[in-house]
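We did not get these values from a lab; they are worked out from the coordinates using the rules stated. Note that the structure is a prediction, hence the values are computed from the model and not measured. Because the Cβ atoms are built from the backbone with ideal geometry, glycine has one as well, and the counts that use them run over all protein chains shown.
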Amino acid sequence: MIHKKAYTNAPLHELLASRWSPRAFDPKKQVSREQIISLCEAARWAPSSMNDQPWRYMVWDRFHDEENWKKAFNSLVAWNRGWVKNAPVLMAALRRNYFKENSKPNKHCEYDTGAASQNVCLQATAMGLMAHQMAGFKADILKEAFNIPEEWKPMAMIAVGYQTDESILDKDYLEDEKAERVREPIGVSFFDSEWEKPIIEDIAD
């Protein structure tokens, strides 16, 4: 199996360095109910503006309820269906764009929901699972299939399961699966006290 650690300019926790987004899921290996609840707890304890927790998550376990898993799967674009077909668990991250306490607009709702989803991915990594977030899905199909109220906007789908050998993938996905993890140099995006003044001068590739 492929393992990709981040190349960094300073020491990084193993959990962060090891997290990446594989596509090669083991279709025969079930994620336990306890593990699924742990993923939900990870999202539940994310920080949010005014502790509003403007997220909701739907979870579909193919081993537990294949019919509804298929309905969620059908909301994915064709490219993603080609590899998600092996994932035992699908999750949808949704947000509400107003504060529940006073109904005022919450401009931080998407930021906060993203933080909760990152917690899901890190918890998955910590448990020996893998999680792959996707923007490639059709929100209208998902909302209609599950009668999701208007105020809740689906932000991302997340496939969860155990990694297996990349040979399970169709050839169209192998290049991406084997490609090196890449980020912009740290000095391009992180500034020291002034705009576009790199946080470090000696920028590592």
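Checked against (1) farther than 23 Å from Asp61 by Cα; (2) among the small types (Gly, Ala, Ser); (3) buried (at least 18 other Cβ atoms within 10 Å of the Cβ), Ala116 passes all but condition (1).
Listed here are the residues, each with its yes/no results for (1) closer than 15 Å to Phe137 by Cα; (2) crowded, with 19+ Cβ neighbours inside 10 Å; (3) of a type in the set (Ser, Thr, Tyr).
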position: Met58; (1), (2), (3): yes, no, no
position: Glu67; (1), (2), (3): no, no, no
position: Lys70; (1), (2), (3): yes, no, no
position: Leu76; (1), (2), (3): yes, yes, no
position: Asn80; (1), (2), (3): yes, yes, no
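Of all the residues in segment 1-24, those that are over 22 Å from Phe190 (Cβ atoms), in contact (Cβ under 8 Å) with a residue 40 or more places away in the chain and surrounded by fewer than 16 Cβ atoms within 10 Å (Cβ to Cβ) number 2. Within segment 16-37, can you find the residues that are under 15 Å from the mean Cα position of the chain (by Cα) and within 28 Å of His108 (Cβ to Cβ)? Across segment 16-37, the qualifying residues are Leu16, Arg19, Trp20, Ser21, Ile36.
Of the set (1) among the polar types (S, T, N, Q); (2) within 14 Å of Leu129 (Cα to Cα); (3) part of a loop (DSSP other than H, G, I, E, B), all apply to Ser38 but (3).
The residues on offer are Arg81, Arg95, Arg56, and the sole one that is without any contact (Cβ under 8 Å) to a residue 40 or more places away in the chain and either of a type in the set (D, E, K, R) or part of a loop (DSSP other than H, G, I, E, B) (or both) is Arg81.
The helices (runs of 4 or more DSSP H) falling completely within segment 128-205 that include 3 or more residues that are over 17 Å from Gly82 (Cβ atoms) map to 139-146, 186-189. For segment 25-39, the set of residues classified as of a type in the set (Asp, Glu) and either in contact (Cβ under 8 Å) with a residue 24 or more places away in the chain or buried (at least 17 other Cβ atoms within 10 Å of the Cβ) (or both) consists of Asp26 only.
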